[in-house]
Each structure stands twice: as structure tokens, then as C-alpha cells.
Amino acid sequence: MKRNGFLLLLSFCALFAFSLPSFAQSYYELSYKNQAGKQCYGFMIYEDDENITMRVVEADAKNNVTASEDIKYEGEQGTEDGQQYTALAPKKSHANAPYIVFFWGKQKGEELLPMICFDLNKEDDFKDPDSFAEVGLADITTEYLQQFYDTQEKTYKSIMAAKKVVQKQRSIILVSGKLF
């Protein structure tokens, strides 16, 4: 019995070690209004400061999708007037692509929430997004992801495959925890 438990634990460790690169991503969702006042919803995939993509969905007044596009972002760390920040900037100017800026030390409660703007040179352009939240991979459902991606898209398939691996790992942990 102990040998089976050890082999199961060893298998889990190997599975976890080999799957780490595929989970080096964080997922975020945000909603905001673009400069024209249209409602936008974003699903961001953050790997590192050079690999950030946000799928932006623009909706009309009846919440019908009127546009959908992947926008590439890059991150930058800096300090201005003694205030540390992290800015996520679109690589190309786009009507639905705001700058997303985290001002470190200016937390709202216990959470660090970003501000968005469309023009970094206008201080009065900075505002809170309608909503912003991190989305856990295990919490992503097919229905949720289909708000942003078609089921045949590579990104959709990749995220859902990664979710299955996480679910399998969780079930192994539950089973191995009962063996010891």
C-alpha cells in the first residue's frame, strides 16, 4: 500500500513539474467604456511583460457583440513623482485598447486595482474600470470562455486543455491525500 502511495505521489510530482510551463499564465477580466462610450469586455492572458494579449469584445446597448479582436500589450515598470507603477500598454493604438496602470501603494482595501486611460498625457483621463478581477484557470467554464472565443480557436482549445490538466491534478491530490 505504501509503495502505491509513493508511486502515485511520484507520478503527481512528475506531472506537475512537466506542466508548469503551460500554467505560467494569469488570466484577468475587465469591463470598461471606450472613448466613444461603447461597452467593452476584456479577457487578458498575462505570461510576462512581453507576452500579454487581451481579447476585447465590444458590445452594443443590447449586449450584442459588435466587434472582437486580440490586442497585444507590453508591460513596463517605473516610478514617476515617487510613485511606483506597472503600466500595461497596447503595442499599437486601438480605439478599444486602454492603458492599464497599477499604482503600487494606492490600494483599494486589500486589493490592488488598476486605473485605465486612453491618453497617458491627460491626468484627468485616468479612471477606474467598471470591473477588474483575476480569473482562476479552474474557474473558467466553457460558457464563460465562449463569451470571448469561438470553440475552434487555438486559444480556446489551449485554455480548456490546461484546465483539464489542473482538474486531473486536483483529483490526484484528493486521492493521494486519502491514501496517507
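Pairs spanning more than 20 Å between alpha-carbon atoms, out of 72/163; 33/62; 38/62; 33/122; 38/163: 72/163; 38/163. Taking the fewest neighbouring Cβ atoms within 10 Å as the starting point, the ordered list for 139, 81 is 81, 139.
According to the calculation over all Cα-Cα pairs in segment 26-180, the P(r) per 10 Å bin from zero is 10, 36, 32, 16, 6, 1, 0 %. With each label modelled as a point 7 angstrom along the Cα→C-beta vector, the residue 147-residue 76 pair spans 3.1 nm. Over all other residues within a Cβ to Cβ distance under 14 Å of residue 161, the charged ones net out to +4, with Lys and Arg as +1 and Asp and Glu as -1.
Taking 0.36 nm per residue of separation and subtracting the current Cα-Cα distance, fully stretching the chain between residue 160 and residue 89 would add 22.9 nm. Checking every one of the chymotrypsin sites (Phe, Trp or Tyr not before Pro) in segment 40-129 against DSSP loop status and a limit of 10 other Cβ atoms within 10 Å picks out no site at all.
Rule-based calculations on the coordinates, nothing more; no lab input. Every value quoted in this text rests on a predicted model; they were computed, and no experiment measured them. Here the Cβ is made from the backbone with ideal geometry for all residues, glycine too, and neighbour counts use every protein chain on show.
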